[in-house]
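Asker: Mind having a look at this structure? Questions to follow.
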Amino acid sequence: MRYGSAVAEPGLRERKKQQTQQLILETATRLFAERGFDGVTVAEIARAAELSEMTVFNYFPTKEDLVFGRMEFFEERLVAAVEQRDAGESAVASFGRVLLAGIDQPAARADMIAKVATLIRASPALQAREREVTARYTARLARLFTAETGVPGDDVEAWAAASALMAVQHGLVQHVRNAVLSGRRGKRLTTDAAAQASRALARLESGLADYPSNSL
């Protein structure tokens, strides 16, 4: 199956929010890279970004969110795509459409990704938080699948399908981090990431093409 569709352009207000979010994340990443995660306060990040501390907390309620906020934002989009997919579209297709649409982002943010990857690998606390984020979105997908299929909340098939989808996202994140840390950049990074994701999605599509049935 071929994945891909047009992505709606955000409005002016949404673009301004995204710009502010980007500024906060870039400022936090720079300071964390310079002084370590524990050596930087949210107040210092706010001052460096020329924003109020409250503004930073409005976008990122905890300091850990400054490391994983972008990841969580993207995973929200992945879950929403599955939840709002058209009748007859598989979960894999809707998930894959959004995943592949975001493939060009790593190439544009390779240097930041390298800094974040280094930061996470040096912090057991951040590694634990990343596992928690992945587990939370896996649980959300599983609940969505059990609701659609009318099975109990601990249905193994639903959890297996949700875990498989989130494993593609998690695996792609790890692959891209390894790639940028090894010096890969630009089109080569984008092409490789797209190929990796497409192969994994195609493998899942062969088993999950009709799961869960969505004929509403």
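Asker: What FRET efficiency comes out for Ala160 versus Glu44 if R0 is 45 angstrom and r is the Cβ-Cβ distance? Round to the nearest 0.05.
Answerer: Calculated value: 0.55.
Asker: Leaving out same-chain residues fewer than 8 places away, which aspartates and glutamates sit with a Cα under 17 Å from that of Lys17?
Answerer: Glu9, Glu26, Glu50, Glu53, Asp65, Glu72, Glu76
Asker: Here's something else I'd like to know. Keeping every protein chain present and rolling a 1.4 Å probe, give me the accessible area per residue for region 41-95 in Å².
Answerer: So region 41-95 comes to 45 Å² accessible per residue, rounded to a whole number.
Asker: Hey, another quick one. List the lysines whose Cα sits under 18 Å from the Cα of Lys115, skipping any in the same chain fewer than 8 residues away.
Answerer: By straight Cα distance, Lys115 reaches Lys63.
Asker: Taking the Kirkwood radius as the inverse of the mean 1/r across Cα pairs, report the Rg/Rh of region 101-166.
Answerer: 1.14
Asker: Next up: Return a whole-number percent for the relative contact order of region 1-102, with Cα pairs under 8 Å and 6 or more residues apart as the contact set.
Answerer: It comes to 34 percent, rounded to a whole number.
Asker: Can I ask one more? Send over the semi-axes of region 1-116's equivalent ellipsoid, whole angstrom and largest first, taken as the square roots of 5 times the C-alpha gyration tensor eigenvalues. Don't jump to the answer; show the numbers that get you there.
Answerer: On the way: eigenvalues 191, 46, 32 Å².
Rounded to whole Å, the semi-axes are 31, 15, 13.
Asker: Take the solvent-accessible surface of the protein heavy atoms, probe 1.4 Å, and return the percent of it on the chain that carbon and sulfur atoms account for.
Answerer: That fraction is 53 percent.
Asker: Now for a separate question. Over region 86-138, what portion of Cα pair distances is larger than 16 Å, expressed as a whole percent?
Answerer: Considering region 86-138, 63 percent of its Cα-Cα pairs are separated by more than 16 Å.
Asker: Here is a further query. Could you let me know the centre-to-centre spacing of region 27-50 and region 185-216, using Cα atoms, in angstrom?
Answerer: The two parts, judged by their Cα centres, are 36 Å apart.
Asker: For region 149-215, what is the accessible area per residue in Å² when the probe is 1.4 Å?
Answerer: Heavy-atom accessible area per residue stands at 53 Å².
Asker: Beyond 18 Å, how much of the Cα-Cα pair distribution for region 139-216 remains, as a whole percent?
Answerer: In whole percent, the share of Cα-Cα pairs in region 139-216 beyond 18 Å is 51.
Asker: Rank Glu26, Glu130 by accessible area, highest first, at a 1.4 Å probe radius? Spell out each step's value before the answer.
Answerer: Working: Glu26 85, Glu130 10 Å².
From most accessible down to least: Glu26, Glu130.
Asker: In whole Hz and in residue order, list the ³J(HN,Hα) couplings for region 25-32 that follow from phi through the Karplus curve 6.51 cos²θ - 1.76 cosθ + 1.60, θ = phi - 60°; x for Gly and Pro.
Answerer: 5, 5, 5, 4, 4, 4, 5, 4
Asker: Let me ask another. For region 39-95, what are the per-bin percents of Cα-Cα distances with bins 10 Å wide, up to the bin holding the maximum?
Answerer: Spelled out bin by bin, region 39-95 gives 22, 34, 20, 17, 7, 0 percent.
Asker: Counting only Cα, what are the radius of gyration and maximum Cα-Cα distance Dmax of the chain, in Å?
Answerer: Final numbers for Rg and Dmax: 18.2, 53 Å.
Asker: How far, in degrees from 0 to 90, does helix 186-208 lean away from the longest principal axis of the Cα atoms of the chain, to the nearest 10?
Answerer: The angle comes out at about 30 degrees.
Asker: Another question, then. Filter the GluC sites (Glu not before Pro) in region 29-118 to those in DSSP coil with at most 11 other Cβ atoms within 10 Å of their Cβ, and list the result.
Answerer: Here the sparse-neighbourhood loop sites are Glu50.
Asker: Compare Arg47, Arg30, Arg77 in a GNM of the chain, Cα atoms joined below 10 Å, and give the one with the largest fluctuation.
Answerer: Largest GNM mean-square fluctuation: Arg47.
Asker: Between Lys17 and Phe73, 0.36 nm times their residue separation minus their Cα-Cα distance comes to what?
Answerer: 18.9 nm
Asker: Per-residue ellipticity at 222 nm for the chain, helices alone: DSSP H runs ≥ 4 residues times -39500 (n - 2.57), over residue total, nearest 500 deg cm²/dmol?
Answerer: Helix contribution divided over all residues of the chain: -24500 deg cm²/dmol.
Asker: Sticking with this one: Just the Cα atoms of region 135-181, one point each, no solvent: what log10 I(q)/I(0) does Debye give at q = 0.13, 0.20, 0.28 Å⁻¹?
Answerer: -0.34, -0.61, -0.91
Asker: Another one. Taking only Cα atoms and a 10 Å spring cutoff, compute GNM fluctuations for the chain and point out the largest among Ala110, Ala197, Ala87.
Answerer: Judging by the Gaussian network model, the answer is Ala87.
Asker: Separate question: Among Phe74, Phe95, Phe145, which one shows the highest mean-square fluctuation when the chain is modelled as a Gaussian network with alpha-carbon springs under 10 Å?
Answerer: Phe74
The values are calculated or read from the model by the stated rules, or taken from the named source; none is laboratory data. All figures in this text were calculated on a predicted structure; none of them were measured in a lab. We place every Cβ from the backbone using ideal geometry, glycine too, and count neighbours over all the protein chains shown. Surface accessibility is based on the protein's heavy atoms, side chains included, excluding ligands, DNA and RNA. Shrake-Rupley method; radii C 1.70, N 1.55, O 1.52, S 1.80 Å.
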